[in-house]
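Report on one structure; see the data block that follows.
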Amino acid sequence: MTLAAPHEGRRRALHLASASLGLAAQAGAPHNMMTAFLLALAALALLLEGLRRRRPSLNAALARWSFGALRPAEHAGLTGATLLALGYVATWLLAPPFVAAPAMVVVALADPAAAIVGRLAVPRGGRKTLAGSAGAFTAAAAVLAAFGTGWRGTLAAAATATLAERLPGRGVDNVAIPLATAAALWVAG
């Protein structure tokens, strides 16, 4: 069971804002610029992870600067933001842009949708719910339909994203959803 951040809404807002990376790629941002930006983002996230382990004062400062968006387990472990940055860069480097861009938007919207719908269905649950999975599927399908994926690709990739969202382990879905979605889109081609 994952304990919530003091301000889960702020956390979800940051997750949603990260969709701008996939939208920038879709809008035609140069591939080399996106690659450099995503690599720099992941490197910065990993650098901060390393520094905050060496310097407890920096860890405490980052927790304060997050304005309550960090979950208790993240004070000692990898943050969801770092895992999301790693998921984005891995997806961008391993998949062609035409599938990486929508996959990045899918994780930015489907993961928070799963959390919101799941929390509404089971207010004290703390675990992944079927209602949350339905929320993830619906958000993923809406994103993919908006990208013009076609009904086969939309259904296959939304189902794959939903299965990836259900994987156990804190933050694993931030890496698994974009990679799985991109793979499904690529295969559905």
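The values are calculated or read from the model by the stated rules, or taken from the named source; none is laboratory data. Small disclaimer: the values here were computed from a predicted structure and weren't measured. So basically every Cβ, Gly included, is an ideal-geometry build from the backbone, and we count neighbours across all protein chains shown. Just the protein is used for accessible areas: all its heavy atoms, side chains included, with ligands, DNA and RNA removed. Shrake-Rupley method; radii C 1.70, N 1.55, O 1.52, S 1.80 Å.
Among residues of segment 54-84 being open to solvent by 50 Å² or more (accessible area, probe 1.4 Å), among the charged types (D, E, K, R) and at pLDDT below 80, the one that is nearest to PHE147 (Cα to Cα) is ARG71. Taken over segment 175-189, the criterion of being at pLDDT below 95 and either open to solvent by less than 40 Å² (accessible area, probe 1.4 Å) or under 14 Å from ALA110 (Cα atoms) (or both) is satisfied by no residue.
Being within 18 Å of the chain's Cα centre (by Cα) and open to solvent by less than 10 Å² (accessible area, probe 1.4 Å) is the requirement here; does ALA110 meet it? The answer is yes for ALA110. With ALA115, ALA95 as the choices, which residue is buried (at least 17 other Cβ atoms within 10 Å of the Cβ), at negative phi, among the aliphatic types (A, V, I, L, M) and modelled with pLDDT under 95? Going through ALA115, ALA95 in turn, the sole match is ALA115. Put simply, of GLY171, GLY87 the only residue that is within 22 Å of LEU39 (Cβ to Cβ), in contact with a helix residue (DSSP H, G or I) (Cβ under 6 Å, 6 or more places away or on another chain) and at pLDDT below 95 is GLY171. Among residues of segment 171-189 that are more than 11 Å from ALA95 (Cβ to Cβ) and without any contact (Cβ under 8 Å) to a residue 60 or more places away in the chain, those with a beta-carbon under 8 Å from a residue that is buried (at least 18 other Cβ atoms within 10 Å of the Cβ) and hydroxyl-bearing (Ser, Thr, Tyr) at least six positions away or on a different chain give the pairs ALA188/THR149. Scanning segment 30-48 for residues that are surrounded by fewer than 17 Cβ atoms within 10 Å (Cβ to Cβ) and hydrophobic (A, V, I, L, M, F, W, C) gives MET33, ALA36, LEU39, ALA40, ALA43, LEU44, LEU46, LEU47, LEU48.
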